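The values are calculated or read from the model by the stated rules, or taken from the named source; none is laboratory data. These figures come from a predicted structure and were not determined experimentally. Neighbour counts run over all protein chains shown; Cβ positions are idealised from the backbone, glycine included. Accessible surface is based on the protein model in full, side chains and every heavy atom, while ligands, DNA and RNA are left aside. Shrake-Rupley method; radii C 1.70, N 1.55, O 1.52, S 1.80 Å.
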Amino acid sequence: MVGETLRNLLMIAWLLPLAGFAVEIFGGFWGSRKSRVAAWMSVGCIGVGFLCSLSALIIWGCSNNFWRVEHKSTHDAAAGHEAGEHPGEEHAADHKDAPHAEGDHALSASAADPHPAPEAHPATETPATVDAQEPPVVLGQTVYSGTLYYLAKFGSLEISLDYYIDSLTLVMFTMVTFIATCIHLFAMGYMSEELTEEYVDHNAHLANGHHVHRPGRYYRFFAFLSLFCFSMLGLVLAGNIFQVFVFWELVGICSFLLIGFYTERKSASNAANKAFIMNRVGDFGFLIGLMVLWTFFGTFRFGETHNEAGEVVQSGLFQMLARDESGNVLREAETGDVQIGTVAAAETTGRKTIPYSLLVVAGLGVFAGCVGKSAQFPLQTWLPDAMEGPTPVSALVHSATMVAAGVYLVGRFYPMFVQEVLLTIAYVGCITLFMAATIAIVATDIKKVLAYSTISQLGYMMLGLGVFGWGAGLFHLITHAFFKSLMFLCAGSVIYGCHHEQEMPKMGGLWRKMPITAFTMLVGVIAISGLAVPGLVNWCSLFAFSGFFSKDAVVATSLAFVKANPSHFLLFIMPLVTAGITAFYMFRLWFYTFAGKPRDQHIYDHCHESPWIMTGPLLALSVFAAFCAIGGEHGPLYLLITGDQPSHVAH
């Protein structure tokens, strides 16, 4: 019953933007180009989707006692901290005897099952501090999977629309829909210039030198935005890797349409083409990974398939790759091939195997798609050029949708990655985070600075995932989504107030003209810089914003990994140095834009604060950018993300 309720709520949240897209794209031809109906319809669809997602999250937590377990865990963790425990040192010691850092994981009932259902949640139990008079709190079922519709069957391979709901799915749904709602509201004000029968584009010219005159595209923008949200939510809800690939490509198409929204501008057209083509390079590797998985595993599904009697008919990918107590995949003694779990419950003829090298190829292939989508080295150059799209598009792409999809897929597909693949992910992230940060130091376009900042922060997420910090990497993904969407919308407010001027050397002193934008941007800058008040943060987590906790988790995980593997010392040194660089270029952006004296008097005189429909979302996002990670690794957000983490990940 709970599973059906969650499925229905998330399906409503997923399909509403598609319904909005269909009505908006056709209704736009029938209605007036000066009407805001399409925008309000789009906001309504994604807003209701947020309410459904939040309701599903609350129902999920109440049905399995998660909120009680989380509360008890937080209390016990605080008691352990007061007693002088040092979990970071213990974590590093656990990795000494296992260089791959995949130790016993207290969350799982067996190494082969990355998502235990009815078992207790030992990761939140601390027996030394449990009061003997209190009954133990048992965590109920947390993972729900099933099939929505069968599409086709080729031999033993079934192609279907599946769903897979766990704590990560629910957190992502809630985050994406909330941020998208804020961006939709902001866009209603930002894109108001398109509310006209004839729009004059001063950045696009005809052969005779005249400006381009075209009809307004207000309704079309919100239709594309709705389709973008539908695609991302479908990717998150997907219960098999082929379905992920389908929505993966839909996300790419939507980004192409939105980046090239001002299609008459050659720079925008080129940027859209570049983004689309470079992502196809990564997707070629994705297809190779899919072919390897199909050939040896015979299924694309993440979870198990049950018959009408509730019996397991076929294992999912996450149950097929069995691991030993130290987290290593099980291999044949003679051939070195990796053992694959039983494909069917009735099969008694022995286990299948896959050559270890091909398992590495499959993992690297899937990660290649993530490299393109999340703009990692060497496929990172499309993301700064994508700033040619409207600023609300940049905010959505850089926070909750496209680039987040790559990091999300690495986290979702984590049970299938072996050590060589994870080490590759770590080094790609390490290179990316440092390289992008050094470029951001010298950028002068306010949106380009934020674009390179995004690439750098995505590198942090990949690094965290690569050094076995599954929770740390995804923790940073969620916090980054809030403060990066905030900063992009603040940048959009500046551009709107300065009449589409983006060069920071022409700004200065703008805080006097747009105080709400200036100080909400400062919240985002402090968050991404990872600042905290020394000495007070241990007393109260309110003295540190979200970026401090999530980035600290990534760097601490890297330190634990390097202690166990000293030869990989760069995986700690580089993110530590880059953290300082990040603080430098982000405060440079803020002071360059808002502080000091005006450097262009004309721009300053005509600058103004944005209307409330634009500043309202800034205030809402600034609260989450500051406090969404309250409690750090003992707080509700982190515990919620890691509620169903893969069983072989060291906690």
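Here the dipole of the range 431-513 is about 180 debye; that uses its Cα centre as origin and unit charges on the Cβ of Lys and Arg (positive) and Asp and Glu (negative).
Taking the protein heavy atoms of the range 304-452 in the context of the full set of protein chains, the accessible area attributed to carbon and sulfur is 56 percent at 1.4 Å. Among Q457, G473, V428, whose Cα lies farthest out toward the positive end of the dipole of the range 351-509, if unit charges sit on the beta carbon of Lys, Arg (+1) and Asp, Glu (-1)? Result: G473, furthest along the dipole toward the positive end. For the residues I478, I12, I441, a 1.4 Å probe over the protein chains yields an accessible-area ranking, largest first, of I12, I441, I478. According to the square roots a ≥ b ≥ c of the eigenvalues of the Cα gyration tensor, what is the shape class of the range 468-613, taking rounded for a/c under 1.5, prolate for a/b larger than b/c otherwise, and oblate for the remainder? Prolate, because a/c is 1.5 or more and a/b exceeds b/c. Under 5 Å between amide hydrogens, which residues at least 5 positions from H306 or on another chain qualify, with H placed 1.01 Å from N in the peptide plane? Under 5 Å from the amide H of H306: V313. Accessible surface for the range 530-649, divided over its residues, is 42 Å² per residue with a 1.4 Å probe.
Relative contact order of the range 501-651: 40 percent, from C-alpha pairs under 8 Å at least 6 residues apart in sequence.
Once you've got the Cα coordinates, tell me which of K484/K513; K266/K484; K373/K484; K274/K513; K153/K373; K266/K373 are over 25 Å apart. Write out the running numbers ahead of the final one.
Working: K484/K513 23 Å; K266/K484 27 Å; K373/K484 17 Å; K274/K513 37 Å; K153/K373 29 Å; K266/K373 23 Å.
Beyond 25 Å: K266/K484; K274/K513; K153/K373.
Within 10 Å of each candidate Cβ there may be at most 12 other Cβ atoms; applying that plus a DSSP loop requirement, which GluC sites (Glu not before Pro) in the range 287-338 survive? When the GluC sites (Glu not before Pro) of the range 287-338 are filtered for loop state and at most 12 Cβ neighbours within 10 Å, E308, E311, E325, E332, E334 remain.
Using the Cβ-Cβ distance between C62 and H211 with R0 set to 51 Å, the FRET efficiency from 1/(1 + (r/R0)^6) comes to roughly 0.35.
Put simply, the amide H of I159, placed in the peptide plane, has neighbours under 5 Å in L151, A152, K153, F154, leaving out anything fewer than 5 places away on its chain.
Converting phi to 3J(HN,Hα) with the Karplus coefficients 6.51, -1.76 and 1.60 and the offset θ = phi - 60°, the range 244-250 yields 4, 5, 4, 6, 4, 6, 4 Hz in sequence order, with x at every glycine or proline. Rounded to the nearest 20 debye, the dipole size of the range 542-651 about its Cα centre is 300 debye, using +1 on the Cβ of Lys and Arg and -1 on the Cβ of Asp and Glu. Summing Cβ point charges (Lys, Arg +1; Asp, Glu -1) relative to the Cα centre of the range 261-316 gives a dipole of roughly 580 debye.
Placing pseudo-labels 7 Å out from each Cα toward the beta carbon at L157 and K266 gives an inter-label distance of 4.4 nm. Distances between placed amide hydrogens fall under 5 Å for R331 paired with Q339, all partners being 5 or more residues away or on another chain. Rounded to the nearest Hz, the phi-derived 3J(HN,Hα) couplings of the range 610-622 under the Karplus curve 6.51 cos²θ - 1.76 cosθ + 1.60 (θ = phi - 60°) are 6, x, 5, 5, 9, 7, x, x, 5, 5, 5, 5, 5, where x marks glycine and proline. Accessible area per residue was computed with a 1.4 Å probe on protein heavy atoms; S32 scores about 70 Å². In this label model, H499 and E308 are separated by 7.2 nm, measuring between points 7 Å along each Cα→Cβ vector. Between W294 and F584, the contour length at 0.36 nm per residue exceeds the alpha carbon distance by 99.7 nm. Normalised size of the range 216-307, defined as Cα radius of gyration per 2.2 N^0.38 Å with N residues, equals 1.33.
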